[in-house]
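Visitor: To start, I am sharing the structure in question, which I have written as structure tokens.
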Amino acid sequence: MMSANLVELTRRRGAASTPTAVELLASAVAERGALTDEDIRAVAARTGLPEAAVHGVATFYDDLRAPRGARHVRVCTGTACFAATAGTHVEALAEGLGVAPGERTADGGLSLAETVCLGFCHSSPAIRDGETIDAGPGVLQRVLAGAATSAPEPPARSILPVPVLTEPGDWSGFRRAVTLRSSGDLLAEVREADLRGRGGAGFPAGRKWEFAATVPAERRYVVANGDEGDPGSYIDKHLMERSPALLLEGMALAGYAIGASEGFVLVRSEYPASRPALEAAAREARAAGLLGTDILGSGFDFDVTVVESAGSYVVGEETALLACLEGLRGTVSARPPFPAEHGLFGMPTVVNNVETLCSVPYIAQHGAGAYRALSPGESAGSKLVCFNERFARPGVVEVPFGIRVRELCDEVAGGLADGGGLKAVQIGGPLGGILPAGLLDTPFDFAPLAAEGCMVGHGSIIGFDEATDMRELARHLLRFGADESCGKCFPCRIGLERAHAMVAADAPVDRERLEALLETLELGSLCAHGGGMPAPIRSLIAHFPQELGLA
Amino acid sequence: MTRLTIDGVEVEVAPGTTVLQAARAAGRDIPTLCFDERLAPFGACRVCLVGVQDAPGPIASCTTACREGMVVDTQAPAARRVAGAVVELVLSELAAPPAEHTELAAVARQFGVGEPRWPGAVHPEREDLRHPYLAFQHGLCISCGRCVRACDEIQGAFALTATGRGFTANVAAGIDAGFRESACVSCGACADTCPTDAIAEVSLLALAESATI
């Protein structure tokens, strides 16, 4: 829990505080399997944080809490894996390995942990055995035989005439901007492009940049939110690992536009390949003179540091993300002040989702008009979506806004792999509503989806087949919600626990009591986690009341 | 100066004043649990929710600054309903009702909270009674963060921290080995601000016990 002086303490240390306390603790766990009081004291001494505060950090993040054996197995409990197995893979693995999730064998040889999510939703279920992520048919047998193999990465394609986000970056938009245009000119172009944030909230990126650029400050920062925690989504993973240069280019452009010379990418530890890919791309960019000082003779300095989180969904919320970057517990802070005004180390900070930043190079290269024209729909630009393993052709696909959800599911993803009918889809992550098969003609865009209690969100599309038990789905989602609550605001901390208990009980669900609880979460929560978790439950109440067992 | 209306009464406040401060200065009572006027506003308990005209939902009055022309309704039905439900949730996480003299009990009386509609798991009992002046009963902790912030913002000792997350969130002294093994300077700021007696001065705890008997 961050109190005023603790935040001030980290602020004074500023960017010198990497590796962060979170990263130092994570390394200690990786090396020795569990944290000791000595580890806490050592990290406190090294970071200048109070011992109690470091202990608070150590009890917050998944990776720091569960003991680790010589062989550490992590099983994905994301929603795509749920859609694939109804959760049976977790039980089967625990039974086969002879160790329960969250436990370590007495001899310290083996440990099992649940994780949400590994981002291999195109090939569920997914299991990480040591450094190897295996997924798809036969994964259980291979892991139990100690013969895990690396699962193939998902395919990626664009259905646009010219791909924008599915091509690796070549820095041409940045070269053009930094040598030919003023920063104000670039900022105006991004505003005009109507680029809305791709992380879920859809806030106009240009306006956010303008706030950060105009607040008087000695320093400014650009932060890429790579904490793609939404189960079922592997879009930012694809961008960070397959097109890391595109992200760095987008960050450098943001830095140029707002007058920042430092950028940070916060990546998830669930994506072990993201950080090395970004660091390699940053080294290449430095060698080519595209990051560093006086870039291309322009006088503009910019460089990027990659920081890894340690397992927490709510760290994807921007104030919690900044707390994690400062090495603290990833809890949410009330806004205002918004990060654009008072962000990382107290300085104006642009926090943008990875995909948002990856859209900027195209705008810088081709202009706002060309960007807006990518979609015939209401919203500008293109969007990456990704499909789960239930579909015939899962993968990452770049699509225009305005396309119907039915076309996405049936034509782009080829319908369900088993040829059966879709029961429902969940779009945009766990905070997104659930669209039943009867509403698939809804256009894929912000306003039409919102009208059905759904959202574009992160762009993941999880298809549920006819065999899906909707009460079990509610239980799965609320368990995730309760487990991931940061614990700061009361409605979310207690309310999600209670909502989970209501649907997990072997009894009918009292509709009135459930709805009063959902309202308390929606109107009372501090951030979108508690505020948004009721959305899919509301959908299930509206469309599947009988299956939910309402009384 | 900023002019706004609170419960139909026009008030004028200095820029930066929060809605909670303005309402209290105007004699309106807004209940709170995580708020302590000596500490920076935190916005965790959501008990101070109020209605604001044209806002999409209730707002937390402790973390919202007054704006020119704002129309605040401290009795807005949605705000009161949600705040009352939150207090109900808080009572449901404790193994037993809070002691009558505590701030939590007073707030529960204000809302007229009865039997919780959402019973369920409660916090396990765990005590640290080894410190000569301070008793720590973790099972009574509602994670309002006041003790952690008082230790930091009033005393500057940094002896306390929030721990865990979600429903298991709690508070620890030092590396959770109790007050004696922490940077605690025995100032008592944590016990003074605690709204549930999760941290209490040993002497006062004894006094309260004898009064009950």
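Visitor: I'm trying to understand the selection: among the residues of segment B:4-24, which are away from chain A (no Cβ under 14 Å) and farther than 24 Å from B:Cys144 by Cα?
Guide: B:Leu4, B:Thr5, B:Ile6, B:Asp7, B:Gly8, B:Val9, B:Glu10, B:Val11, B:Glu12, B:Val13, B:Ala14, listed by residue number.
Visitor: Have a look at A:Gly173, A:Gly136 and point out the one that is surrounded by fewer than 21 Cβ atoms within 10 Å (Cβ to Cβ) and of a type in the set (Gly, Ala, Ser). Let's see the steps before the verdict.
Guide: On the way: A:Gly173 fails: surrounded by fewer than 21 Cβ atoms within 10 Å (Cβ to Cβ).
After applying the criteria, what remains is A:Gly136.
Visitor: Filter segment B:27-67 down to the residues that are of a type in the set (Lys, Arg) and more than 7 Å from chain A (Cβ to nearest Cβ), then identify the one that is surrounded by the most Cβ atoms within 10 Å (Cβ to Cβ).
Guide: In the first step, residues of segment B:27-67 are kept if they are of a type in the set (Lys, Arg); the result is B:28, B:38, B:46, B:67.
Then keep just the ones that are more than 7 Å from chain A (Cβ to nearest Cβ); that gives B:28, B:38, B:67.
Numbers: B:Arg28: 19, B:Arg38: 12, B:Arg67: 12.
Applying the filter and picking the extreme gives B:Arg28.
Visitor: Would it be correct to say that B:Val185 is under 22 Å from the mean Cα position of the chain (by Cα) and surrounded by fewer than 17 Cβ atoms within 10 Å (Cβ to Cβ)? Let's see the steps before the verdict.
Guide: Working: under 22 Å from the mean Cα position of the chain (by Cα): no; surrounded by fewer than 17 Cβ atoms within 10 Å (Cβ to Cβ): yes.
Spelling it out, it is not the case that B:Val185 is under 22 Å from the mean Cα position of the chain (by Cα) and surrounded by fewer than 17 Cβ atoms within 10 Å (Cβ to Cβ).
Visitor: Check off (1) under 22 Å from B:Thr32 (Cβ atoms); (2) in contact with a helix residue (DSSP H, G or I) (Cβ under 6 Å, 6 or more places away or on another chain); (3) touching a residue at least 12 places away in the same chain (Cβ under 8 Å) for B:Gly145 and give me the number that stays unchecked.
Guide: Failed condition: (2).
Visitor: Please find, among A:Val162, A:Val178, the residue that is buried (at least 22 other Cβ atoms within 10 Å of the Cβ) and either in the same structural domain as A:Gly299 (by TED's automatic domain parsing) or part of a helix (DSSP H, G or I) (or both). So that I can check it myself, show each step before the final result.
Guide: Values: A:Val162 fails: buried (at least 22 other Cβ atoms within 10 Å of the Cβ).
Result: A:Val178 is the single residue among A:Val162, A:Val178 that is buried (at least 22 other Cβ atoms within 10 Å of the Cβ) and either in the same structural domain as A:Gly299 (by TED's automatic domain parsing) or part of a helix (DSSP H, G or I) (or both).
Visitor: Tell me, which helices (runs of 4 or more DSSP H) lie completely within segment A:204-304 with 3 or more residues that are out of contact with any Pro (no Cβ under 8 Å at 6 or more places or on another chain) and more than 30 Å from A:Thr132 (Cα to Cα)? Write out each step before concluding.
Guide: Working: elements: A:205-214, A:235-242, A:244-258, A:274-287.
Of the helices (runs of 4 or more DSSP H) lying wholly inside segment A:204-304, those with at least 3 residues that are out of contact with any Pro (no Cβ under 8 Å at 6 or more places or on another chain) and more than 30 Å from A:Thr132 (Cα to Cα) span A:205-214, A:244-258.
Visitor: Also: Pick from segment A:69-81 the residues that are within 22 Å of the chain's Cα centre (by Cα) and of a type in the set (A, V, I, L, M, F, W, C): which of them is surrounded by the most Cβ atoms within 10 Å (Cβ to Cβ)? First the steps, then the outcome.
Guide: Within segment A:69-81, the first condition is being within 22 Å of the chain's Cα centre (by Cα), and the residues that meet it are A:73-81.
Still in the running and of a type in the set (A, V, I, L, M, F, W, C): A:73, A:75-76, A:80-81.
Working: A:Val73: 23, A:Val75: 26, A:Cys76: 29, A:Ala80: 33, A:Cys81: 29.
Step by step, filter segment A:69-81, then rank; the result is A:Ala80.
Visitor: Could I ask something else about it? Kindly indicate the residue of segment A:323-342 that is surrounded by 24 or more Cβ atoms within 10 Å (Cβ to Cβ) and in contact with a Gly (Cβ under 6 Å, 6 or more places away or on another chain) and also nearest to the other protein chains (Cβ to nearest Cβ) among those meeting that condition.
Guide: Among residues in segment A:323-342 that are surrounded by 24 or more Cβ atoms within 10 Å (Cβ to Cβ) and in contact with a Gly (Cβ under 6 Å, 6 or more places away or on another chain), the one nearest to the other protein chains (Cβ to nearest Cβ) is A:Arg329.
Visitor: Please tell me if A:Cys358 is part of a strand (DSSP E or B), within 19 Å of A:Gly459 (Cβ to Cβ) and either at pLDDT below 95 or not charged (D, E, K, R) (or both).
Guide: Values: part of a strand (DSSP E or B): no; within 19 Å of A:Gly459 (Cβ to Cβ): yes; either at pLDDT below 95 or not charged (D, E, K, R) (or both): yes.
The answer is no for A:Cys358.
Visitor: Among (1) β-branched (Val, Ile, Thr); (2) part of a loop (DSSP other than H, G, I, E, B); (3) more than 19 Å from A:Val57 (Cβ to Cβ), where does B:Ile154 come up short?
Guide: Failing condition for B:Ile154: (2).
For every residue, the table says whether it meets (1) crowded, with 24+ Cβ neighbours inside 10 Å; (2) under 17 Å from the mean Cα position of the chain (by Cα).
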position	(1), (2)
B:Gln137	no, yes
B:Arg149	yes, yes
B:Thr161	yes, yes
B:Gly178	no, no
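Visitor: Right, here's the next one. Which condition number in (1) surrounded by fewer than 20 Cβ atoms within 10 Å (Cβ to Cβ); (2) touching a Leu at 6+ places or on another chain (Cβ under 9 Å); (3) modelled with pLDDT under 95 is the one that A:Ala66 fails?
Guide: (1)
Visitor: Taking the options B:Arg165, B:Arg149, name whichever one is outside the structural domain of B:Ala22 (by TED's automatic domain parsing) and touching a Phe, Trp or Tyr at 6+ places or on another chain (Cβ under 6 Å).
Guide: On the way: B:Arg149 fails: touching a Phe, Trp or Tyr at 6+ places or on another chain (Cβ under 6 Å).
After applying the criteria, what remains is B:Arg165.
Visitor: Could you list all residues from segment B:186-213 that are assigned to a loop (DSSP other than H, G, I, E, B) and at pLDDT 85 or above? Working first, answer last.
Guide: Just the residues of segment B:186-213 that are assigned to a loop (DSSP other than H, G, I, E, B), to begin with: B:186-188, B:194-198, B:213.
Selection gives B:Ser186, B:Cys187, B:Gly188, B:Cys194, B:Pro195, B:Thr196, B:Asp197, B:Ala198.
Visitor: Working only within segment A:442-482, note down all residues that are within 22 Å of A:Leu496 (Cβ to Cβ) and among the aromatic types (Phe, Trp, Tyr).
Guide: Our first condition is that a residue be within 22 Å of A:Leu496 (Cβ to Cβ); within segment A:442-482, this holds for A:453-455, A:457-458, A:460, A:462, A:464, A:468-482.
Hits for segment A:442-482 are A:Phe464, A:Phe480.
Visitor: Now, a different point. Mind listing just one residue for me: the one in segment B:1-26 that is under 23 Å from B:Val47 (Cβ atoms) and among the small types (Gly, Ala, Ser) and, of those, surrounded by the most Cβ atoms within 10 Å (Cβ to Cβ)?
Guide: Taking segment B:1-26 and keeping what is under 23 Å from B:Val47 (Cβ atoms), we get B:4-9, B:11, B:13, B:16-26.
Add one more test, that the residue is among the small types (Gly, Ala, Ser), and what stays is B:8, B:16, B:22-23, B:25-26.
Values: B:Gly8: 8, B:Gly16: 9, B:Ala22: 22, B:Ala23: 24, B:Ala25: 12, B:Ala26: 17.
So, considering only residues that are under 23 Å from B:Val47 (Cβ atoms) and among the small types (Gly, Ala, Ser), the one surrounded by the most Cβ atoms within 10 Å (Cβ to Cβ) is B:Ala23.
Visitor: With the condition being in contact with a Phe, Trp or Tyr (Cβ under 9 Å, 6 or more places away or on another chain) and within 14 Å of chain B (Cβ to nearest Cβ), I'd like the helices (runs of 4 or more DSSP H) fully within segment A:463-551 carrying at least 3 qualifying residues. Show your work before the answer.
Guide: On the way: elements: A:470-484, A:490-504, A:511-524, A:528-532, A:534-543, A:545-548.
Qualifying helices (runs of 4 or more DSSP H): A:470-484, A:490-504, A:511-524.
Visitor: Take the residues in segment B:159-185 that are outside any strand (DSSP E or B) and either acidic (Asp, Glu) or touching a residue at least 40 places away in the same chain (Cβ under 8 Å) (or both); name whichever of them is farthest from the other protein chains (Cβ to nearest Cβ).
Guide: Start the filter on segment B:159-185 by keeping residues that are outside any strand (DSSP E or B), which leaves B:159, B:164-169, B:174-185.
Filter again for either acidic (Asp, Glu) or touching a residue at least 40 places away in the same chain (Cβ under 8 Å) (or both), leaving B:167, B:176, B:178-181, B:184.
On the way: B:Phe167: 4, B:Asp176: 6, B:Gly178: 12, B:Phe179: 11, B:Arg180: 14, B:Glu181: 9, B:Cys184: 9 Å.
This residue is B:Arg180.
Visitor: Give me the pairs: first residue in segment A:149-173 and over 22 Å from A:Leu186 (Cα atoms), second residue among the aromatic types (Phe, Trp, Tyr) and at pLDDT 95 or above, beta-carbon distance under 7 Å, and six or more apart or on different chains, which are they?
Guide: From residues that are over 22 Å from A:Leu186 (Cα atoms), the pairs are A:Ala151/A:Phe120; A:Pro154/A:Tyr234.
Visitor: Looking at A:Ala542, A:Ala499, can you tell me which residue is surrounded by 21 or more Cβ atoms within 10 Å (Cβ to Cβ), within 28 Å of the chain's Cα centre (by Cα) and either more than 24 Å from A:Thr88 (Cβ to Cβ) or of a type in the set (A, V, I, L, M) (or both)?
Guide: On the way: A:Ala542 fails: surrounded by 21 or more Cβ atoms within 10 Å (Cβ to Cβ).
Selected residue: A:Ala499, the only one of A:Ala542, A:Ala499 that is surrounded by 21 or more Cβ atoms within 10 Å (Cβ to Cβ), within 28 Å of the chain's Cα centre (by Cα) and either more than 24 Å from A:Thr88 (Cβ to Cβ) or of a type in the set (A, V, I, L, M) (or both).
Visitor: I would also like to ask the following. Among (1) more than 21 Å from A:Tyr61 (Cα to Cα); (2) outside any helix (DSSP H, G or I); (3) modelled with pLDDT of 95 or more, there is one condition A:Gly311 misses while meeting the rest; what is its number?
Guide: For A:Gly311, the failing item is (1).
Visitor: Being over 23 Å from the mean Cα position of the chain (by Cα), away from every other protein chain (no Cβ under 12 Å) and surrounded by 20 or more Cβ atoms within 10 Å (Cβ to Cβ) narrows it down to one of A:Leu35, A:Leu49, A:Leu93, A:Leu25, so name that one.
Guide: Numbers: A:Leu35 fails: away from every other protein chain (no Cβ under 12 Å); A:Leu49 fails: away from every other protein chain (no Cβ under 12 Å); A:Leu25 fails: over 23 Å from the mean Cα position of the chain (by Cα).
Matching residue, one of A:Leu35, A:Leu49, A:Leu93, A:Leu25: A:Leu93.
Visitor: Answer yes or no as to whether B:Cys147 is within 10 Å of chain A (Cβ to nearest Cβ), within 21 Å of A:Gly56 (Cβ to Cβ) and in a helix (DSSP H, G or I). Walk me through it before giving the result.
Guide: Working: within 10 Å of chain A (Cβ to nearest Cβ): yes; within 21 Å of A:Gly56 (Cβ to Cβ): yes; in a helix (DSSP H, G or I): yes.
Yes: the conditions hold for B:Cys147.
Visitor: Within the bounds of segment B:92-111, is there any residue that is more than 18 Å from the chain's Cα centre (by Cα), within 22 Å of B:Gly139 (Cβ to Cβ), more than 13 Å from chain A (Cβ to nearest Cβ) and touching a residue at least 24 places away in the same chain (Cβ under 8 Å)?
Guide: Scanning segment B:92-111, I find at least one residue that is more than 18 Å from the chain's Cα centre (by Cα), within 22 Å of B:Gly139 (Cβ to Cβ), more than 13 Å from chain A (Cβ to nearest Cβ) and touching a residue at least 24 places away in the same chain (Cβ under 8 Å), so the answer is yes.
Visitor: Are any residues in segment A:398-442 assigned to a strand (DSSP E or B) and surrounded by fewer than 17 Cβ atoms within 10 Å (Cβ to Cβ), and if so, which ones? Show your work before the answer.
Guide: Step one: filter segment A:398-442 for residues assigned to a strand (DSSP E or B), giving A:398-400, A:404, A:416, A:422-427, A:434-436.
Scanning segment A:398-442 gives a single hit, A:Arg404.
Visitor: Now a separate question. Run B:Ile142 past the list (1) of a type outside the set (S, T, N, Q); (2) in contact with an Asp or Glu (Cβ under 9 Å, 6 or more places away or on another chain); (3) more than 10 Å from chain A (Cβ to nearest Cβ) and report the number of the one that doesn't hold.
Guide: It is condition (3) that B:Ile142 fails.
The values are calculated or read from the model by the stated rules, or taken from the named source; none is laboratory data. As the structure is a computational prediction, the values presented were derived from the model and not from experiment. So basically every Cβ, Gly included, is an ideal-geometry build from the backbone, and we count neighbours across all protein chains shown.
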